Structure formats: structure tokens, C-alpha cells
1. In this structure, is A:E303 of a type in the set (D, E, K, R) and either in the same structural domain as A:T37 (by TED's automatic domain parsing) or over 30 Å from A:M141 (Cα atoms) (or both)?
2. Which numbered condition trips up A:K278, out of (1) part of a loop (DSSP other than H, G, I, E, B); (2) closer than 16 Å to A:W187 by Cα?
3. Any idea which of A:P90, A:P148 is within 14 Å of chain B (Cβ to nearest Cβ) and in a loop (DSSP other than H, G, I, E, B)?
4. Tally the residues that are of a type in the set (A, V, I, L, M) and without any contact (Cβ under 8 Å) to a residue 12 or more places away in the chain, restricting the search to the range A:78-103.
5. For the range A:153-179, how many residues are in contact with a helix residue (DSSP H, G or I) (Cβ under 6 Å, 6 or more places away or on another chain), of a type in the set (V, I, T), at pLDDT 95 or above and within 22 Å of A:Y139 (Cα to Cα)?
6. Of the residues A:S219, A:S174, which single one is surrounded by fewer than 21 Cβ atoms within 10 Å (Cβ to Cβ) and either touching a Leu at 6+ places or on another chain (Cβ under 9 Å) or touching a residue at least 24 places away in the same chain (Cβ under 8 Å) (or both)?
7. Yes or no: the range A:107-121 includes at least one residue that is part of a helix (DSSP H, G or I), under 16 Å from the mean Cα position of the chain (by Cα) and within 11 Å of chain B (Cβ to nearest Cβ).
8. Considering each of A:A107, A:A101, A:A136, A:A87 in turn, give the residue that is assigned by TED's automatic domain parsing to the domain that holds A:N72 and under 20 Å from A:V35 (Cβ atoms).
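The values are calculated or read from the model by the stated rules, or taken from the named source; none is laboratory data. Computed from a prediction, not measured in an experiment: that's the story for all the values here. Here Cβ is always computed from backbone atoms with ideal geometry, including for glycine, and neighbour counts include all displayed protein chains.
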Amino acid sequence: MSESITVERIGEAPHEASFNDYVQLLKPRVMSLVVFTALVGLLVAPVPLHPVEAVAAILFIALGAGASGALNMWWDADIDAVMKRTARRPVPAGKVEGGEALGLGVALSGISVVMLGLATNVLAAGLLAFTIFFYAVVYSMWLKRLTPQNIVIGGAAGAFPPMIGWVCATGSLSLEAVLMFALIFMWTPPHFWALALFMKEDYHKAGVPMLTVTHGRKSTRLHILVYTLLLVPVAVGAALTSIGGPFTLAVAVALNAWFVVGAVRIWRRDEVVAEADKYAVEKAVFRFSLLYLFLHFGAFLVEAALKPYGLGGW
Amino acid sequence: MSFRPAHEIHKRRFGRNLGLGLVLGAFVALVFALTVVKVQRGEPMQGYDHVVQPEAIKQ
């Protein structure tokens, strides 16, 4: 019986899933950002963690992020199939069935949360569970198709990893952890809206209320500026805490000045000018925003590395 | 007598099985290493057996 089904399915589906298709369900590019920010959160914490525990913690945080990615791909398969950028994802491409993505997402969620709890502490595991719930249920299932502020809300899920990394080491929350969360949270909207301005994806057709569609592109440009300005005190504030120091403060001031100048340039342009140079400024600001986050968290790391030599920190 | 050459789908399945095997192997190694670290530190270990525990006796 099972043999005949297998033969039938082989005939029907020549694209039987490979190992890589399952890896793609976990959104490896997002996972790499999660690994980096969680690692920084863990390493800048004042309490050292045993290297084996640290490796395990980062792996399970990344696995939790991957699980929420699989749940997102299961839920959003209909949207993904419509948009060009996401149409080749394993579920809409027919390589992996929706049910498999759901199963993998649920199983990895459970494994990652339980294992993080055993490897580090219950608070870190609870935060990881909340992050998965927030991304899969609150963002993907509930608010993504309901409000044009979906990017802002979704950004919260991406902002948790450094906070979880910190809690893995210390066992408690603190101002530093909250500011690292706030840094990514405030950074996400200008980063994605800059992308939305020049990608022009068919969100409308997919039924996703993107700000560029619901409020117009002029309003999106203003939103980018406002969020970039709100990001400044958060970034500079983080540099003034125990994870910062003169080096981090200098990096924060330079990066934020650059980002604000870019946001002002985006705000002052209109579509005619932007079309004329093929969205050169929007593309440049988007690329810079990636560098911004990497350098900011890199600065925290450098500051922590300098401390044993009496150079870093306040 | 010759075996039929492996179909592409079997190669893909082999890759999938190999990948899963390596992941599970790595998981076992990680759990073992974590166990060693936690046991060596020995924080939550206290055997409530027939040994007198002075700290448990009220002064």
C-alpha cells in the first residue's frame, strides 16, 4: 500500500524535497542575523557563560528563529505564491507540503525552547517561546494582513534575540537588554520601508496592507524619517550604558548622523526624482541600514573585547 | 547481474537522510557536551540519601 503511494507520488512530484529545501524553510538569511545579534547580547553581558553553554544557547535561539520562519512559510504560502520575491520558497514552489512546514515549525519550536531552558535558564526559554508565538501568531496570522504598521510589529520579533542572549548569560532583564531590543525594533521600519519604496512588490495583489500602498509613498518617506529620528536617542542611549563606551558612542553618533542624512534625503525626494535616478538614494539608504546594524552591534562587541585591557567601557 | 542505476530521487533521499543523520549526531554530541559541563560544575547536585546533611539541621 505504502509502496504504491510512494510510486504514485514519485510520478506526481519529481521535485521531492531535498535536505536544502527543509533548510530553506528555516529562513537561513534571517537566522544569520539572529545568530549575530544574539551572540553579541550574550558576549557583552557581564556574566560569562561556559563556551559549550554559549554555543548551545546561540544554536537553540537560531533554531527557534528558524521554527518561526517555517511556521510563517506554512501560514503565508498563499501570499508567497503571489509575490515574485517569495514565489520560489519551498511551500509555494511545491517542494515541501504546507503540513510538513507546520510540523517542522511546531517540532523545532518545542525542541528549541525546552533545550534553551535546559542549557541556560527558564526566563531565556520563556522569551524564546514568546518570540516564536509573537512572530508566528501575532505578526504572521493576525496583524500582517490587518494593519500597515505590520513591519513595525514584525520588527519586535526580530528584536528579541540580543535580549535573549543577554538573559541566557545573566538570568535577568536589564536596561542594556531593553535598549538592544529597542535598537533593532526602531531600526526595522526605516530599513524595510526603504526597501518597499524601490522593490514595488505586488503587496496589494497579495492582500498585504503595506504602508506604500495604504498611505502612499510620500507618507512612507515621512515615516522613514520619523522612525530614523526616534532611533537616534535609542542608539546613543545604548552607547551610554554599561555595554557602551567612548568607542561605541563615537560609532553611534557617526552611524546615526549618516542614517538621519539619508532619511532626510529620502523624505525630500518625490517619485519623479526617484524614478529618474532609479531610486539610487533609497537603495543606498537600504544598503547602509544593513551596515548600520552590523557596525552598531560590532561596536558593542569591540567595547566588550577592549574591557579586559582597561580600554573599553565607561 | 547489474544493479539498476540510482534514480535522481534516490540520490536526493540519500542527501536528505545523510543531512538528518549529521544533524542528529551533532545534537547528541551537543547534549553530551552540555551534560559534561553541567555535571562537572555540579551546582544542582545533592543526593538526599543516608548521609547526614549539616545544613539541613535546624540550629
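1. yes
2. (2)
3. A:P90
4. Selection size over the range A:78-103: 2.
5. Number satisfying all stated conditions: 1.
6. Step by step, each of A:S219, A:S174 is checked, and only A:S219 is surrounded by fewer than 21 Cβ atoms within 10 Å (Cβ to Cβ) and either touching a Leu at 6+ places or on another chain (Cβ under 9 Å) or touching a residue at least 24 places away in the same chain (Cβ under 8 Å) (or both).
7. No.
8. Going through A:A107, A:A101, A:A136, A:A87 in turn, just one is assigned by TED's automatic domain parsing to the domain that holds A:N72 and under 20 Å from A:V35 (Cβ atoms): A:A136.
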